[in-house]
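Have a look at the structure below before the remarks.
No value in this document is a laboratory result; all are computed from the given coordinates. As the structure is a computational prediction, the values presented were derived from the model and not from experiment. In this analysis, Cβ positions are derived from the backbone assuming ideal geometry, glycine residues included, and neighbour counts consider all displayed protein chains.
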Amino acid sequence: MDRFDWLRGLSPLVVIDGGANQGQWLAYARQIWPEAKYVCFEPQGECASMIPKDGNVTVVESALGDRIGLVKFNRSSFNQSSSILKMGVLHKEAFPFSAGESSVEVPVTTLDQWCEENGVWGDVVKLDLQGYELQALMHMPRSLMKAKVLCVETSYVELYEAQPLFGDIHDYLGQLGYRYAGCIEPPLGSPLDGRPLEEDSWWVKM
């Protein structure tokens, strides 16, 4: 038995990877669910092009959010920290290598819109949107009805301007029948003083 056994037992047909970057979480997830089909959303073209593709992986070059169309996207000098939201002071102080920013317009969609158009719904949904997770969650009600498990990056402190924190996401998902199941990997700590900053939170439909 290992820490992933409870996840292996889910046997999802479709896994959604929102904020896929270069496929880091995808590689992690495929070790747990090798037979699943994956849909990866990533708005940064140079990152999307790095995601390994095969017959079980679809890459959508778009952000996930609360609208359909185009959105201003803040590109960080460390691409994993890029976000629709502007980076906060605490983030820049803790990770100065990520502080360089430029803005560009990128496509954005809601998860429900894409799933309805393509007839594909996720049994597992992962969101790593650098502070924009709650906005995306609030605009994917059908996806939340159909999903069994969520993996959502949540922050304990404001790393992006006006970002919702762990408690906000906990309360919202609790109202929709999801139970917080903990985090598998240790939370990310600040290199300045070690304080926990964020985690990949798992939520299970009750």
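Quick one: Karplus J couplings for region 185-200, per residue in order, coefficients 6.51, -1.76, 1.60, θ = phi - 60°, nearest Hz, x for Gly and Pro?
Once θ is set to phi - 60°, the couplings for region 185-200 become 8, x, x, 6, x, 6, x, 7, 9, x, 5, x, 10, 7, 8, 8 Hz.
Students often check this: by mean Cβ neighbours within 10 Å, which of 9-15, 185-191 ranks highest, and how do the rest follow?
The peptides rank, most packed first, as 9-15, 185-191.
Can you pull out the chymotrypsin sites (Phe, Trp or Tyr not before Pro) in region 138-195 that DSSP calls coil and that have at most 15 other Cβ atoms within 10 Å? Intermediate results must be reported in sequence, preceding the final value.
On the way: sites: Tyr156, Tyr160, Phe166, Tyr172, Tyr178, Tyr180; in loops: Tyr156.
Those satisfying the criteria are Tyr156.
Alpha carbon centre of region 1-77 versus region 129-206: separation in Å?
Centre-to-centre (Cα) distance: 16 Å.
Hey, could you pull the Cα Rg and Dmax for the chain, both in Å?
That works out to 16.1, 47 Å for Rg and Dmax.
Using only the Cα atoms of region 1-96, each taken as one equal point scatterer with no solvent, compute I(q) by the Debye sum, divide by I(0), and report log10 of the ratio at q = 0.17, 0.23 Å⁻¹.
-0.83, -1.13
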